[in-house]
Each structure stands twice: as structure tokens, then as C-alpha cells.
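Colleague: Dumping the structure here so I can ask a few things about it.
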Amino acid sequence: MNEQLLFNLVDLAGTFAFAISGATAARRCNLDLFGILAIAFITACGGGIVRDLCIGAVPPAGLSDWRYLLTAVVAALLTVVAYRWVERLTYPVRLFDAMGLGLFAVYGAHKALLFGHNAEVAILLGMVTAIGGGMARDVLLARVSIVLQQEIYALAALAGAALAVLGEYLHWPAVWATWLPILFCFGLRFASLRYHWNLPRFGRERQA
Amino acid sequence: MNEQLLFNLVDLAGTFAFAISGATAARRCNLDLFGILAIAFITACGGGIVRDLCIGAVPPAGLSDWRYLLTAVVAALLTVVAYRWVERLTYPVRLFDAMGLGLFAVYGAHKALLFGHNAEVAILLGMVTAIGGGMARDVLLARVSIVLQQEIYALAALAGAALAVLGEYLHWPAVWATWLPILFCFGLRFASLRYHWNLPRFGRERQA
Amino acid sequence: MNEQLLFNLVDLAGTFAFAISGATAARRCNLDLFGILAIAFITACGGGIVRDLCIGAVPPAGLSDWRYLLTAVVAALLTVVAYRWVERLTYPVRLFDAMGLGLFAVYGAHKALLFGHNAEVAILLGMVTAIGGGMARDVLLARVSIVLQQEIYALAALAGAALAVLGEYLHWPAVWATWLPILFCFGLRFASLRYHWNLPRFGRERQA
């Protein structure tokens with residue numbers, strides 16, 4: 001398969017998975033149709049919008065590229081009209097979500113480098129691209145972000161973005177510099193889901 | 001009446017109504033004087049600030065134009081010193097709020113087009129101009145945004161912004177392209193308040 | 001001591017104190033290690049990032065200068081591995097926090113003026129630099145911001161930023177224009193802590 005086409009497909013599949021997670025959460029909070037659409041869109045595109053604002057890419061691609069909006073709207077409408085079917089999709093949605101996480105992190109890091117920013121900016125904003133939408137979703141639903149609590153999620157995005165920046169600095173061939181970090185982030189995220197890896201917590205020591 | 005003057009008056013009346021809604025909500029949450037002022041200002045100007053960041057209009061007009069700050073401060077102080085009076089203002093405040101909704105949506109869409117962005121950006125950011133402040137208010141007060149739950153509000157802003165962009169593309173005369181979308185948004189919002197129109201919800205199916 | 005060095009030391013001490021407050025709050029909410037790091041960083045750098053976006057300073061210094069990231073990470077790790085020790089630091093942390101508040105407000109106002117913006121923008125964004133990180137921390141932890149409720153905090157930042165802008169317009173000597181507003185903000189904040197000064201609230205009148 002053409003490589004650019006594959007990249008675009010993974011990008012839209014990730015957008016779709018992120019939007020499903022947003023729409024499902026909004027539906028559970030009893031938001032109306034518009035709220036579900038809005039949360040789905042923000043979950044899918046919020047991270048990229050913050051990244052674009054921080055690197056000076058105006059207007060943000062999430063607002064100007066109709067494919068993202070359309071993908072998010074389709075995902076949200078599916079969640080509304082075919083909820084039982086979407087519920088059965090849990091496994092593929094998690095798969096797409098992990099793929100989207102890797103791809104968003106790597107794409108975000110590359111875009112920041114492309115705009116001439118340094119490695120720290122690229123790594124941080126790669127991670128923000130991947131997890132920012134999920135954090136915005138939880139902020140709008142008035143709850144502490146799952147992103148900051150659950151299995152290894154943000155850390156996988158950080159690792160993917162860091163590996164992408166490393167590959168760029170070491171002049172890896174483009175295919176490697178793109179897909180190796182994506183697969184690494186995807187693998188780390190998926191393994192943490194499967195084997196219930198969690199980062200340590202410290203809150204309980206208070207009661208001790 | 002001079003048309004530009006009318007536009008400015010509606011703009012400031014909308015700012016005033018938005019600030020009143022912010023100050024009232026902040027007061028109910030028992031914030032102190034400064035918190036009330038801050039929430040009033042953010043409710044009135046937050047949407048426009050996000051729009052300006054996304055279209056590259058730096059610094060945001062909400063921060064650099066003293067009339068918005070002054071209007072928000074006056075509205076907040078009135079809510080503090082004359083609460084009973086403000087409570088009796090519910091009806092005019094709702095009227096101004098609906099007018100502000102339409103005007104902010106249309107003005108936001110026009111400004112995005114003026115900065116050379118496409119129709120999707122203009123429609124989305126027109127809506128953000130109108131509802132962003134209310135969403136920021138609810139995020140800061142740690143509650144799920146009313147904007148995403150109540151009668152037709154965000155949808156009216158979206159319709160107003162879309163109509164404004166359509167008018168621009170069809171080269172309607174300036175007066176029509178400005179006021180027709182404002183009145184359409186205002187009418188839709190006001191009718192939904194009066195007749196309790198709501199968008200469908202789907203959260204309850206969970207219990208079924 | 002060299003004056004620039006003193007400025008940098010106070011800047012990093014303030015970043016450290018802000019990060020401690022973020023990490024402590026995140027730990028109490030039972031976030032995992034990554035969540036604690038993220039909240040610490042956002043509390044320390046979030047205000048400056050918003051300021052830089054609003055004045056067009058891309059990329060934001062908080063994302064591109066490794067010293068801020070390092071300081072926040074060290075503060076967060078200390079909060080994790082030496083919590084008892086950090087708890088005993090309450091007093092110095094409050095001291096640093098008040099110093100950071102003044103320095104961030106003054107530095108933010110100066111930077112906005114340097115980028116050619118007007119007095120209103122400089123005063124508002126000076127305050128945002130100082131209190132924005134704390135507000136972001138509370139939003140991410142899904143609670144009404146302490147910044148908008150507790151003793152004189154945001155108001156002290158506002159006063160510091162306003163005094164800095166005044167000094168700039170009156171062409172005070174650089175040392176005065178920098179340190180007088182910092183000390184004024186610090187003193188106001190510290191006195192309000194010591195003597196429990198609070199701004200008036202009005203929420204209770206509802207029950208009356």
C-alpha cells in the first residue's frame with residue numbers, strides 16, 4: 001500500500017477512535033445531541049489545536065481541514081444511532097485509540113520540528129497532540145482526567161514523541177523515523193492495557 | 001440610528017448580558033469579589049479571546065479594548081451591589097444574552113473570514129466566539145457546561161455563523177449579511193427558550 | 001549579588017514553589033506519577049504559556065526553556081519521594097510562592113510591553129502569568145479554583161502587574177521598576193496570609 005495513504009488512513013482511524021471515546025463519555029453524562037458532537041470533535045482535534053497554537057500554525061488544522069470534522073461527526077452520530085453496535089466495538093476502538101495515540105504523538109513532534117522549534121518543544125507538543133483532546137474532554141465533563149490516572153497512556157505518547165525526535169536528529173530514513181515510534185507507542189500502550197501496567201500512586205500514604 | 005453605532009451598542013449589550021450571567025453564577029458558587037469579576041470578564045470575553053488566538057489576531061481584542069473590560073466590571077459590580085435588582089432583570093438579561101449570542105457568532109465568523117480563513121474555520125470560530133465564554137465559565141466553576149445541555153443555544157450560534165458565511169459568499173449587501181444572521185440566531189434562541197425546544201438526549205437508554 | 005542572577009534565582013524559586021503546590025495537590029487527588037509530573041509542570045508554567053500565546057511569543061518559553069521543565073520535574077519528584085520533608089517545607093514554600101507570584105506578575109507585564117502591547121494587555125497578562133498556572137491546576141483537578149476564593153492572591157498579582165506598568169510609563173530606573181512591584185505584590189500577599197485578609201463574598205445573602 002502507498003505509504004502516505006496508510007499514514008492518512010491511520011490518522012483518520014485515530015481521529016475516529018478518539019471521537020468515539022468522546023461521544024461515548026458525553027452520552028453517559030446525558031449531554032444533548034449537540035454536546036455529544038462538540039465533545040467528540042474536541043476529543044479528536046483538541047490536542048492538535050493546542051499544538052498548532054503553540055507552534056504558530058494558524059489556523060489550527062483541526063479547524064480548517066473538513067476531514068477531521070466529518071470523521072468526528074460521523075463517529076458521534078454512530079455513537080448516538082448505533083450505541084449497542086459501538087459498545088461491541090470496544091476492542092477495535094481501543095486498538096484504533098492506541099494507534100491514534102502513537103500517530104498523533106509522532107505527527108505532532110514532527111510538525112513542531114518542521115516549524116523550527118527545539119527538541120523539548122517537539123516532545124512536549126507531540127505528547128500534547130496525543131493526550132490534549134482527552135484531557136479537554138474530561139475538563140469539559142468536569143472530572144479529573146483519566147489520562148492522568150489510568151494505565152500507561154500519556155507516558156506512551158511521551159515515549160513515542162521522544163523516539164520520533166531522536167530519529168529525526170539521528171537522520172533515520174523517513175519510513176523508520178515515522179513508523180518505529182508509532183509502533184513503539186502503540187505497543188507500550190497496548191501491553192499496558194493487556195497486562196494492567198500502572199504507574200505508581202502515592203495518595204494513599206496520607207492515611208498511613 | 002447610525003448602523004455602526006447600533007452594532008456597537010448590541011455588542012456591548014451582549015457583553016453586559018454575558019458578564020451578568022458569569023457574575024451571577026460566580027456569586028452563587030460563593031466566590032469572592034475578585035472571583036466574581038474574573039468569571040464575569042471571562043464569560044464575556046473568553047470566546048472572542050480563543051477566536052483571536054486561533055485566527056492569529058494578537059493580542060486578542062478582549063484583552064486590549066478597555067470597553068469590554070469596563071462593561072464586564074460594571075456588570076459584575078452591579079451583580080454584587082444590586083443583586084435583587086439584577087434578579088429582576090432576568091427577562092432583559094435573557095434578551096440581551098440572545099442578542100449577544102447572535103452578534104458574537106456573526107462578528108466572529110466575519111472576523112475569521114477577514115483574516116483570510118476558510119468557511120469551516122469561520123463557522124466554527126463564529127460559534128466559539130458566542131459560546132466559548134459560557135463554556136469557560138462552567139469549566140472554571142467545575143461543572144458540566146450548561147451550553148452543552150440546555151435548550152438550543154450552541155446550535156443557534158452555529159446557525160447564525162453559518163448564515164453569515166453564506167451571506168458573505170453570496171455577496172449579500174453588508175447590512176443584510178450582518179443583521180439577517182443575527183436576527184435568525186436571536187429568533188431561534190428565543191423561540192427555543194419560549195417553547196422549551198431541546199435537542200434529543202440519549203443517556204437514559206443506559207438504564208433501559 | 002549580580003542583579004540578573006538574583007532575578008533568575010527568584011524566577012526558578014517561584015517555579016519550584018508553584019510546582020510543589022501542583023504536585024502536592026495532584027498527589028492528594030491520587031493521580032499517578034505521570035499525573036503528578038504533568039500537574040506540577042502545568043501549575044508552574046501554565047500561566048506563562050497562556051501569556052506567550054496571547055502576545056504572540058511562539059513557542060511559549062515554558063515549553064522551550066529546559067530549566068523550567070527541569071525545575072518542575074525536580075519539585076514533583078521531591079514531592080513524591082520526600083513527602084514528609086516537603087510537608088515540613090510549608091512555610092518556605094509559601095514564601096517562595098508569594099515571591100514567585102510577584103515576580104511572575106511583573107515579568108509577565110514587562111514581556112507584554114516589550115512585545116508592543118498596551119497597558120491593559122500588560123496588566124491583565126501579568127496577572128495571568130502569576131495566577132494562570134494555579135487556575136489550570138484546579139481546572140484539571142475538577143474543582144473551583146482556590147485562586148478565586150482564598151485570601152488576596154489574584155488581587156496581589158494584579159497590583160504588582162499594574163505597578164510594574166506604571167513604573168515603565170513613568171520611566172523609573174530599571175531596578176526600581178522591577179523590584180518595587182515584586183516586593184509590593186509579595187508584601188500584600190504575605191500580609192493577607194498572615195492577617196487572614198479576605199475579599200468580601202456575597203453568596204450567603206441567598207439564604208438570608
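The values are calculated or read from the model by the stated rules, or taken from the named source; none is laboratory data. If you're wondering where the values come from, they're calculated on a predicted model, not measured in any experiment. Note: ideal-geometry Cβ built from the backbone for every residue, glycine included; neighbour counts use all protein chains shown.
Colleague: Among the residues in the range A:194-202, are any surrounded by 12 or more Cβ atoms within 10 Å (Cβ to Cβ), within 14 Å of another protein chain (Cβ to nearest Cβ), over 20 Å from the mean Cα position of the chain (by Cα) and closer than 20 Å to C:I36 by Cα?
Modeller: yes
Colleague: For B:S145, work out the one condition from (1) more than 13 Å from the chain's Cα centre (by Cα); (2) at pLDDT 90 or above; (3) crowded, with 20+ Cβ neighbours inside 10 Å; (4) polar (S, T, N, Q) it doesn't fulfil.
Modeller: The failed condition is (2).
Colleague: State whether the residues of the range C:121-132 include one that is hydroxyl-bearing (S, T, Y), within 22 Å of B:V73 (Cα to Cα) and more than 14 Å from chain A (Cβ to nearest Cβ).
Modeller: Yes; the residues of the range C:121-132 include at least one that is hydroxyl-bearing (S, T, Y), within 22 Å of B:V73 (Cα to Cα) and more than 14 Å from chain A (Cβ to nearest Cβ).
Colleague: Can you name the residue in the range B:30-59 that is farther than 18 Å from C:I146 by Cα and of a type in the set (V, I, T) and, of all such residues, is nearest to the chain's Cα centre (by Cα)?
Modeller: B:T43
Colleague: From C:F104, C:F186, C:F96, grab the single residue that is in contact (Cβ under 8 Å) with a residue 40 or more places away in the chain, more than 14 Å from chain B (Cβ to nearest Cβ) and within 21 Å of B:I42 (Cβ to Cβ).
Modeller: Of C:F104, C:F186, C:F96, the one residue that is in contact (Cβ under 8 Å) with a residue 40 or more places away in the chain, more than 14 Å from chain B (Cβ to nearest Cβ) and within 21 Å of B:I42 (Cβ to Cβ) is C:F104.
Colleague: So in the range A:32-43, with the set limited to residues that are of a type in the set (V, I, T) and either facing chain B (nearest Cβ under 9 Å) or within 15 Å of B:L158 (Cα to Cα) (or both), which one is surrounded by the fewest Cβ atoms within 10 Å (Cβ to Cβ)?
Modeller: The extreme case among them is A:I36.
Colleague: Against the condition charged (D, E, K, R) and at pLDDT 90 or above, how does B:R84 come out, does it pass?
Modeller: Details: charged (D, E, K, R): yes; at pLDDT 90 or above: no.
Spelling it out, it is not the case that B:R84 is charged (D, E, K, R) and at pLDDT 90 or above.
Colleague: Let me ask another. Residues in the range C:64-87: is at least one among the aromatic types (F, W, Y) and in contact with a Gly (Cβ under 6 Å, 6 or more places away or on another chain)?
Modeller: The answer is yes; a qualifying residue exists.
Colleague: Scan the range B:117-131 and tell me whether some residue there is surrounded by fewer than 18 Cβ atoms within 10 Å (Cβ to Cβ), in contact with a helix residue (DSSP H, G or I) (Cβ under 8 Å, 6 or more places away or on another chain) and under 21 Å from B:A40 (Cα atoms).
Modeller: Scanning the range B:117-131, I find no residue that is surrounded by fewer than 18 Cβ atoms within 10 Å (Cβ to Cβ), in contact with a helix residue (DSSP H, G or I) (Cβ under 8 Å, 6 or more places away or on another chain) and under 21 Å from B:A40 (Cα atoms), so the answer is no.
Colleague: Now for a separate question. As an exercise: evaluate B:L183 against (1) more than 21 Å from B:N8 (Cβ to Cβ); (2) of a type outside the set (G, A, S); (3) assigned to a helix (DSSP H, G or I) and give the number of the one condition it does not meet.
Modeller: Here B:L183 meets the rest and fails (1).
Colleague: On to the next question. For the range A:1-31, which positions are crowded, with 24+ Cβ neighbours inside 10 Å and charged (D, E, K, R)?
Modeller: Within the range A:1-31, A:R27 is the sole residue that qualifies.
Colleague: Can you tell me how many residues within the range B:107-116 are within 14 Å of chain A (Cβ to nearest Cβ) and in contact with a Gly (Cβ under 9 Å, 6 or more places away or on another chain)?
Modeller: Matching residues across the range B:107-116 total 5.
Colleague: Also, I was wondering about something else. Of a type in the set (G, A, S), crowded, with 22+ Cβ neighbours inside 10 Å, under 13 Å from A:L101 (Cα atoms) and touching a Lys or Arg at 6+ places or on another chain (Cβ under 7 Å) - does that describe any residue in the range A:157-171?
Modeller: no
Colleague: Yes or no: A:H117 touching a residue at least 40 places away in the same chain (Cβ under 8 Å) and at positive phi?
Modeller: no
Colleague: Would a scan of the range C:138-156 turn up a residue that is of a type in the set (S, T, Y), in contact (Cβ under 8 Å) with a residue 12 or more places away in the chain and either more than 30 Å from A:S145 (Cα to Cα) or part of a helix (DSSP H, G or I) (or both)?
Modeller: Looking through the range C:138-156, none of the residues is of a type in the set (S, T, Y), in contact (Cβ under 8 Å) with a residue 12 or more places away in the chain and either more than 30 Å from A:S145 (Cα to Cα) or part of a helix (DSSP H, G or I) (or both).
Colleague: Taking the residues in the range A:51-91 that are of a type in the set (K, R) and away from chain B (no Cβ under 11 Å) as candidates, determine which candidate is surrounded by the fewest Cβ atoms within 10 Å (Cβ to Cβ).
Modeller: Pass one, the range A:51-91, residues of a type in the set (K, R): A:51, A:67, A:84, A:88.
With away from chain B (no Cβ under 11 Å) added as a condition, the list becomes A:51, A:88.
Numbers: A:R51: 30, A:R88: 11.
The selected residue is A:R88.
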